[in-house]
Amino acid sequence: MRSHTRVFVGNLLFTAVCLSGGPIFLFVGCSAWSDYPGWDWPAIMIAFGLVGTVMIPVLAITATRQEFPRITRRDRVKGGSNRCPDDTFVMWAPRSEQGPAQAQLVRADVLEASLARYNPDGESTFTTHYGNYTPDEFTPLIRLRLRVHEAEETDGTAGFEVTGEWRVPSLCLSAITAGRLVVLVDDPAAPGARRTVTPHWPRSNLLAGTRTCRVIDLEGRTDHATRRVDRQLQQMRISREVGGVVMNGDTIDLRRLDPHTAARYAALADRDRALPEEPAPVSEPGEETRWLADQLPGEKAAFGSVGRRWSRRGGVLVRARFLEMRARTTFQDHGPVLDTVLRVQPADGTPPFDAARRLTVPMDYLTVLHRTKEVVLTVTPNGISYDVDWARSSLLAGVTAATVIAPDGQELSLTGRPDIIWALMNLLASQGISVTSPVLDLRKRRMGAVAGMAMSVVSR
């Protein structure tokens, strides 16, 4: 298991080599000062040497914090963890094209999806773009086949099909896997001409259920609109007509809107109470035809590596949940760097706490964000710091299918059974056994001590 200390030492050595001139200048300046006291050039060399030498540990610490996703006490959000409910998820994604005013805002179902191109040349280094929130080199080009519905038809039979390639912000990839998009459709320029279809990605995240949605009515009551597709489409159309409606986190407060707009929203809420709309499925049928996780970069999913010293001293695993994600202008090849807020459940049973941390989130994990927001953290034996383990997180999220091979050779799929996967991860961690793949083969000799317990977990 890659340790924080090892990463820091590596960055310290690399930085020391790059800034080796600092200590040299400092040594030469100090030596010259004793022979030529009061001269300007030894003082200048000492000053440059001091700056260069001090920058070595400073840059090493900064690079390690950026590279190694560790959560410490200074990351905790002040004010406790009662700011929002546990099922909240707020996402600030890059804006999409607004399209012409006469375009219709409708639903589109994703029938097929495949990666057309994604080839950044950053070589996993951190790349920052100023003033460009969706640079093409870090925005995958996805080929989509869509069934676009008419404004009042959402039964899956009406409308028309269109195929094309679109740049999809990485934060919005889960809408494709879920299979529900919001698109703007222009009227054809001439009879028989092709209609222009423009996906609106932030709204697609709302329709897909990736981002949660609540509405506080004029009487202060809160309604949940997440995955209420028809209601959300109507709300989006009202918002577009009036030039936008402010969402405070994941909540729209009608008491803050103008009376006419609030009345239109309230009418939708009243209709939903009278005739409750069934929530749409987490993912539309045919998910396998639009599964992008295998085509996009990310850390290899696994049951996880275990440091024997960490295990012997009482290191444990805990789960956390994303509450917020905010896009930034910094990217790595395998994912964007995001400002995030996580709710962490400590292993000792103490109340959960929220932590704000800047993280590189793998793109394959972002494709399943509509299904889960959970990540796995490894906790240091003293319980002071938490490290994000993306290999375990990806397996728990279902980015890659987990499999157990029983001692008799029978293969058991754990697809859709995250609690079983979680129990097996904890069992392996407690015994100091590393499994760096999504396949747990209990026939191996080193698994003899845990094979019986693992099969007992799977049989439950």
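The values are calculated or read from the model by the stated rules, or taken from the named source; none is laboratory data. Because the structure is predicted, anything quoted here is derived from the model rather than measured. Heads up, the Cβs are rebuilt from the backbone with ideal geometry, glycines too, and the neighbour counts pull from every protein chain shown.
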Candidates SER204, SER170, SER239 - the one that is closer than 21 Å to TRP92 by Cα, among the polar types (S, T, N, Q), in contact with a strand residue (DSSP E or B) (Cβ under 6 Å, 6 or more places away or on another chain) and free of Cβ contacts under 8 Å to residues at least 60 places away in the same chain: SER204
Go through the stretch 225-263 residue by residue and tally those that are among the β-branched types (Val, Ile, Thr) and either more than 20 Å from GLU277 (Cβ to Cβ) or in a helix (DSSP H, G or I) (or both). 5
Only one of (1) at pLDDT 70 or above; (2) of a type in the set (Ser, Thr, Tyr); (3) in a loop (DSSP other than H, G, I, E, B) is not met by THR15, so which one is it? (3)
For the stretch 360-382, pairs from a residue that is without any contact (Cβ under 8 Å) to a residue 24 or more places away in the chain to a residue that is assigned to a loop (DSSP other than H, G, I, E, B), with Cβ under 9 Å and 6 or more apart or across chains, are ASN382/ARG313; ASN382/GLY314
Out of the residues in the stretch 98-120 that are in contact with a Ser or Thr (Cβ under 8 Å, 6 or more places away or on another chain) and of a type in the set (A, V, I, L, M), which is farthest from ASP294 (Cα to Cα)? ALA103
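Go through THR210, THR177 for me and flag whichever is modelled with pLDDT of 95 or more and part of a loop (DSSP other than H, G, I, E, B).
Details: THR177 fails: part of a loop (DSSP other than H, G, I, E, B).
Answer to the check: THR210.
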Of (1) free of Cβ contacts under 8 Å to residues at least 40 places away in the same chain; (2) under 20 Å from ARG107 (Cβ atoms), ARG256 satisfies every one except (2)
Quick check, is VAL388 in a strand (DSSP E or B), within 20 Å of ASP75 (Cβ to Cβ) and either out of contact with any strand residue (DSSP E or B) (no Cβ under 6 Å at 6 or more places or on another chain) or outside the structural domain of GLU284 (by TED's automatic domain parsing) (or both)? yes
Regarding the stretch 292-301, can at least one residue be identified that is part of a loop (DSSP other than H, G, I, E, B), more than 22 Å from MET425 (Cβ to Cβ) and aliphatic (A, V, I, L, M)? yes
Where GLU241 falls short, out of the listed (1) farther than 22 Å from THR222 by Cα; (2) modelled with pLDDT under 90; (3) not assigned by TED's automatic domain parsing to the domain that holds LEU414: (2)
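Find the residue count for the stretch 89-113, including only residues that are of a type outside the set (Gly, Ala, Ser) and not in a strand (DSSP E or B).
Number satisfying all stated conditions: 7.
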Any residue at all in the stretch 434-446 that's buried (at least 23 other Cβ atoms within 10 Å of the Cβ) and among the hydrophobic types (A, V, I, L, M, F, W, C)? yes
Within the bounds of the stretch 278-299, is there any residue that is out of contact with any Pro (no Cβ under 9 Å at 6 or more places or on another chain), loosely packed, with under 13 Cβ neighbours inside 10 Å and more than 30 Å from THR415 (Cα to Cα)? no
Report every pair of residues separated by at least 6 positions or lying on different chains whose Cβ atoms are under 6 Å apart, first residue within the stretch 44-71 and modelled with pLDDT under 70, second hydrophobic (A, V, I, L, M, F, W, C). ALA60/LEU12; THR64/VAL7; THR64/PHE8; PHE68/VAL7
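What is the residue count in the stretch 300-309 for residues that are surrounded by fewer than 21 Cβ atoms within 10 Å (Cβ to Cβ) and out of contact with any Gly (no Cβ under 8 Å at 6 or more places or on another chain)?
First, the residues of the stretch 300-309 that are surrounded by fewer than 21 Cβ atoms within 10 Å (Cβ to Cβ): 300, 305, 307-309.
Now drop any that are not out of contact with any Gly (no Cβ under 8 Å at 6 or more places or on another chain), which leaves 300, 305, 309.
Number satisfying all stated conditions: 3.
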Answer yes if at least one residue in the stretch 272-284 is in contact (Cβ under 8 Å) with a residue 24 or more places away in the chain, more than 21 Å from the chain's Cα centre (by Cα) and at positive phi, and no otherwise. no
May I ask you to list the residues in the stretch 265-319 that are among the aliphatic types (A, V, I, L, M), touching a helix residue (DSSP H, G or I) at 6+ places or on another chain (Cβ under 9 Å) and closer than 21 Å to ALA402 by Cβ? VAL282, LEU292, ALA293, LEU296, ALA301, ALA302, VAL306, VAL316, LEU317
Mind telling me which of the residues GLY314, GLY304, GLY298 ends up being more than 22 Å from PRO85 (Cα to Cα) and over 20 Å from the mean Cα position of the chain (by Cα)? GLY314
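Only one of ARG76, ARG83 is basic (Lys, Arg), under 30 Å from THR212 (Cα atoms) and modelled with pLDDT of 75 or more. Can you tell me which?
Of ARG76, ARG83, the one residue that is basic (Lys, Arg), under 30 Å from THR212 (Cα atoms) and modelled with pLDDT of 75 or more is ARG76.
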Lone qualifier among ALA429, ALA423, ALA449 - being modelled with pLDDT under 95 and in contact with a helix residue (DSSP H, G or I) (Cβ under 8 Å, 6 or more places away or on another chain): ALA429
